[in-house]
Every structure is written in structure tokens, then in C-alpha cells.
Amino acid sequence: MEPFIQPFQYNFIRSQIDSMIQQLSAVHDPDVRDAVIYSASKKIFDLLPVLTAEQEALLMVVRTVQTEADFARYLEDIQPFVQSFPSITEQQLQQLFRKTKKLRHPPLHSIDFLKTTYLSWNDTGNKKKFFVYPLKGEWIGIEGTYLPTIQKGICTICNQYSDVTLVSARTNQSADQYRAIGNYICIDSDHCNEQVTDPIALEKLLSKMK
């Protein structure tokens, strides 16, 4: 069976598992426990509505698990079927940021692409933050600047309470006008990627920044 789960979908499934563990630890009534498991599993299948029989059987196991160890094993069993972030080379990154002098791209060999919904890294010396994403099948590269001040807040991309910074990017408003778009985004992009459960906010943000 080929990988069929996107990294953000795996994050969503993991969040549902964490929620089930918390709820089931406080519930002993069998009917209520069944309702909790059914509700969470329905959300998982709503996220992945088109499945083969083999894929459905793999995910359906969630309805039979009962203990925290079972849930941990379930996540381990589905992890091999997570799809990697599309392959990209240093040369492609250079092309995406042709106007950036001395681009400091990340060490691609050290990135866990199975946990990557969007590629992003910080140039701390220049206070720049870069974003790379296959938007509608086409690679886009966005360069923004960020403030050195880090605060607690809600990230625009992952929608989680985290350490965020104000990231601004210039975008064309007309042929000869530019405007700056600023959003609070996780300073740690790896951490942000682990929290993304839906790419809609990400795609809307990058579309505005183009």
C-alpha cells in the first residue's frame, strides 16, 4: 500500500487521538466511551473521504482501540503511510528566490519531509523568513522579514498558541504600488509544521503574499 496520508492529516489524526485519550481517561461508561471513539473516528474519515478498502481497514482500527498504548501503536502503524513533502533541490530554491542575494537555504538533507506541510526557514542574520510551497501544483517562494521580538500568540498558519513573531512581506498592489502584509507566525517553522492540521490558512496567506 502506497503512502496516502498528508503530513497535516497525520497531525489531525494525532490531535484526535490525544483528545480521545484525555476524554477516555475520565469516562468509564461503555456507551459514552463508544460515543467518544465514534465521534473522533468520524472526523478522521471525514478528513479522508476517498479511501481504498485496504486504506479504510487500516484507519478503521481506531474504532477498536481502548488503551493509551493501543493509541500509540495505532499512530505507529499508520505513520509509514504518510506522504513526504514533494522533492525539491537547492537549485530549485535558488530559482524561486532569484532576486535574493546570497540566499541561505536550509540543509535539505536534515529536514524531516514526512513532517513537512510547508518548507520554511529563518535567515537570522538578516531577520528574513522564507516560505516554499506547491500551491495548486506550482512551486511558489515567499520572502518576508520578521521582528526580533517573540511573543505568545495564535499563529496564522497552524492556528495554535505558540511563540510567534510578526512576519511582513511586500506584495504587488498594482503595477507601480506595493503594500506590506503582516501576520503573526510561529518563529519555529518545524514546530509549526507539527501543529498544522489544515492547509487552508497557509494557502490563503501565501496567495496574498504572492
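Just so you know, all these numbers are worked out from the coordinates, no wet-lab data involved. None of the values given here were measured: they were computed from a predicted structure. Cβ sites come from the backbone with ideal geometry, for glycine too, and all protein chains shown count toward neighbours.
Once the stretch 142-163 is narrowed to residues that are over 17 Å from Lys204 (Cβ atoms) and under 17 Å from the mean Cα position of the chain (by Cα), the residue that is surrounded by the fewest Cβ atoms within 10 Å (Cβ to Cβ) is Tyr161. Suppose the filter is closer than 17 Å to Arg63 by Cβ and part of a helix (DSSP H, G or I); does Tyr10 pass it? Judged against the criteria, Tyr10 is not a match. Does Ile157 meet the test of being within 21 Å of Pro7 (Cβ to Cβ), among the aliphatic types (A, V, I, L, M), part of a loop (DSSP other than H, G, I, E, B) and in contact with a strand residue (DSSP E or B) (Cβ under 8 Å, 6 or more places away or on another chain)? For Ile157, the condition - within 21 Å of Pro7 (Cβ to Cβ), among the aliphatic types (A, V, I, L, M), part of a loop (DSSP other than H, G, I, E, B) and in contact with a strand residue (DSSP E or B) (Cβ under 8 Å, 6 or more places away or on another chain) - is met. Apart from one condition, Glu56 fits all of (1) surrounded by fewer than 13 Cβ atoms within 10 Å (Cβ to Cβ); (2) touching a strand residue (DSSP E or B) at 6+ places or on another chain (Cβ under 9 Å); the exception is (2).
Is there a residue being aliphatic (A, V, I, L, M), assigned to a helix (DSSP H, G or I) and within 23 Å of the chain's Cα centre (by Cα) anywhere in the stretch 30-39?
Of the stretch 30-39, the ones aliphatic (A, V, I, L, M) are 32, 35-37.
If we keep only those that are assigned to a helix (DSSP H, G or I) too, we end up with 32, 35-37.
Now drop any that are not within 23 Å of the chain's Cα centre (by Cα), which leaves none.
Checked the stretch 30-39: no residue is aliphatic (A, V, I, L, M), assigned to a helix (DSSP H, G or I) and within 23 Å of the chain's Cα centre (by Cα).
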